[in-house]
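Just so it is clear, none of the values below were taken in a lab; they were calculated from the coordinates. The structure presented is a predicted model; accordingly, all values stated were derived computationally and were not measured. Note that each Cβ is placed from the backbone with ideal geometry, even for glycine, and that neighbours are counted across all protein chains shown.
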Amino acid sequence: MARVLVTGAASGIGAETCERLRAEGWEVIAADRTEAAGVMTLDVAEEQDWQRVVADAWPLDGLVNGAGVRSRVPLIEMSVEEFDRLHAIHTRGSFLGIREVARRWIDEQRSGAVINIASVVATHAVPGQVHYVSSKTAVAGLTRGAAAELAPHGIRINAIAPGVIRTPMTADRLGDPEQRAWLERRVPAQRVGEPGDIAAAVQWLLSEGAGYVNGVVLPVDGGWTAT
């Protein structure tokens, strides 16, 4: 049975991804900074946490870097600490995860696949979230760079760029009828996405059917980036 580590697994896209992969026959190791039953504790910004969790979870065939946070602060009011916090979780966290599993896969001459969670804001920026936009743009670049470097070792690195997805991070906006109506009009599919939409894409990118897909940042956004 193939084994996969999923970060950000306590809620939202991460939790749904765990359920989907288990249903598809994967052995799933769930990890999150938030303590929960059946979830390993992991602060993705900490190198030693990654070393501990990957060692405990090994062997692995896949990694889903799903941990993420979001806040809204005007650029001129944003602190260095808040800017660095989002980059530590999204950019450094994804880098550390890729590096930790890739080292082991290469040492053992094994193939593997990593899925990073980027965002449509990597190509379609929004105001008030320059730290989120820049960190998710970095995740997209990290995906392409790592894919090019690790492909000769049989390691695939891809990313998914979700659009507006119904999760705890978007609950404030979707709970406002006016904002929700605007978002639904903005998306060509005329609906917001569900965590299952992203989980299905993760499952496919990890599968043998996507074996020749590498270095892709796949929008799953109801057509948001097509307009």
The chain: relative contact order in percent, alpha carbon pairs under 8 Å with at least 6 residues between: 21 percent
FRET efficiency for Gln190 and Ala23, using Cβ-Cβ distance with R0 set to 22 Å, rounded to 0.05: 0.20
Rounded to the nearest 20 debye, dipole of the stretch 42-200 from Cβ charges on Lys, Arg, Asp, Glu: 540 debye
Chymotrypsin sites (Phe, Trp or Tyr not before Pro) within the stretch 161-227: DSSP coil, no more than 15 neighbouring Cβ in 10 Å: Tyr212
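Could you give the size of the charge dipole of the stretch 57-110 about its Cα centre, using +1 on the Cβ of each K and R and -1 on the Cβ of each D and E, expressed in debye and rounded to the nearest 20?
Details: 8 positive and 8 negative charges, 23 e Å.
It comes to approximately 100 debye.
Return the calculated 222 nm mean residue ellipticity for the chain, to the nearest 500 deg cm²/dmol, obtained by summing -39500 (n - 2.57) across DSSP H runs with n ≥ 4 and dividing by the residue count. Don't skip to the answer; put the middle values down first.
Details: 8 runs with 93 residues, N = 227.
Calculated mean residue ellipticity at 222 nm is -12500 deg cm²/dmol.
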Residues whose placed amide H lies under 5 Å from that of Gly215, excluding near-sequence neighbours: Ile157, Asn158
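Restricting to DSSP loop positions (anything but H, G, I, E, B) with no more than 14 other Cβ atoms inside 10 Å of their own Cβ, which GluC sites (Glu not before Pro) remain in the stretch 1-74?
Here the GluC sites (Glu not before Pro) that fit, given the DSSP loop and packing criteria, are Glu35.
Let's test the formula: R0 of 35 Å, r as the Cβ-Cβ distance of Trp182 and Arg3. What FRET efficiency results, to the nearest 0.05? Kindly include the intermediate steps, with their values, before the conclusion.
Numbers: r = 42 Å, r/R0 = 1.19.
Step by step, r from the Cβ atoms, then E = 0.25.
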Label-reachable residues, the stretch 54-83, where backbone N falls under 17 Å from a point 7 Å from Ser111's Cα toward its Cβ: 60-63
Debye equation applied to the C-alpha atoms of the stretch 119-193, log10 I(q)/I(0) at 0.15, 0.16, 0.23, 0.24 Å⁻¹: -0.63, -0.69, -1.06, -1.11
Average silhouette area of the stretch 1-99, convex hull of alpha-carbon atoms, in square nanometres: 6.6 nm²
Most mobile of Ile29, Ile76, Ile98 in a GNM of the chain (Cα contacts under 10 Å): Ile76
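What ranking, highest mean first, results for peptides 112-119, 84-91 when packing means the other Cβ atoms within 10 Å averaged over each residue?
Values: 112-119: 26.6, 84-91: 19.8.
For the peptides 112-119, 84-91, the packing ranking is 112-119, 84-91.
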Tensor-based shape of the stretch 102-227 (alpha-carbon gyration tensor, a/c under 1.5 rounded, otherwise prolate or oblate): prolate
Cβ charges +1 (Lys, Arg) and -1 (Asp, Glu), total dipole of the stretch 10-60, debye: 140 debye
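As an exercise, identify the trypsin sites (Lys or Arg not before Pro) in the stretch 167-213 lying in DSSP coil whose Cβ has no more than 16 other Cβ atoms within 10 Å. Working shown, then result.
Working: sites: Arg173, Arg180, Arg185, Arg186, Arg191; in loops: Arg191.
Listed in order of number, the matching sites are Arg191.
How much length would be gained if the chain were fully extended between Trp58 and Arg144, taking 0.36 nm per residue of separation minus their Cα-Cα distance, in nm to one decimal?
Working: separation 86, 0.36 × 86 = 30.96 nm, distance 2.50 nm.
Gain on stretching Trp58 to Arg144: 28.5 nm.
For the stretch 167-227, what is one quarter of the convex hull surface built on the Cα atoms, given in nm²?
Details: hull surface 19.8 nm².
The directionally averaged projection comes out at 5.0 nm².
Under 1.5 on a/c is rounded, so check that first for the stretch 3-51, then, if it is not, pick prolate when a/b is larger than b/c and oblate when it is not; a ≥ b ≥ c are the square roots of the alpha carbon gyration tensor eigenvalues.
Details: a/c = 2.30, a/b = 1.65, b/c = 1.39.
Prolate, because a/c is 1.5 or more and a/b exceeds b/c.
How big is the chain by the Kirkwood estimate over distinct Cα pairs, in Å? Present the calculation step by step, with values, prior to reporting the outcome.
Details: mean 1/r = 0.0567 Å⁻¹.
After inverting the pairwise mean of 1/r, the radius is 17.6 Å.
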Calculated from backbone phi, Karplus (6.51, -1.76, 1.60) coupling profile of the stretch 200-209 in Hz, x at Gly/Pro: 5, 5, 4, 4, 5, 5, 7, 7, 5, x
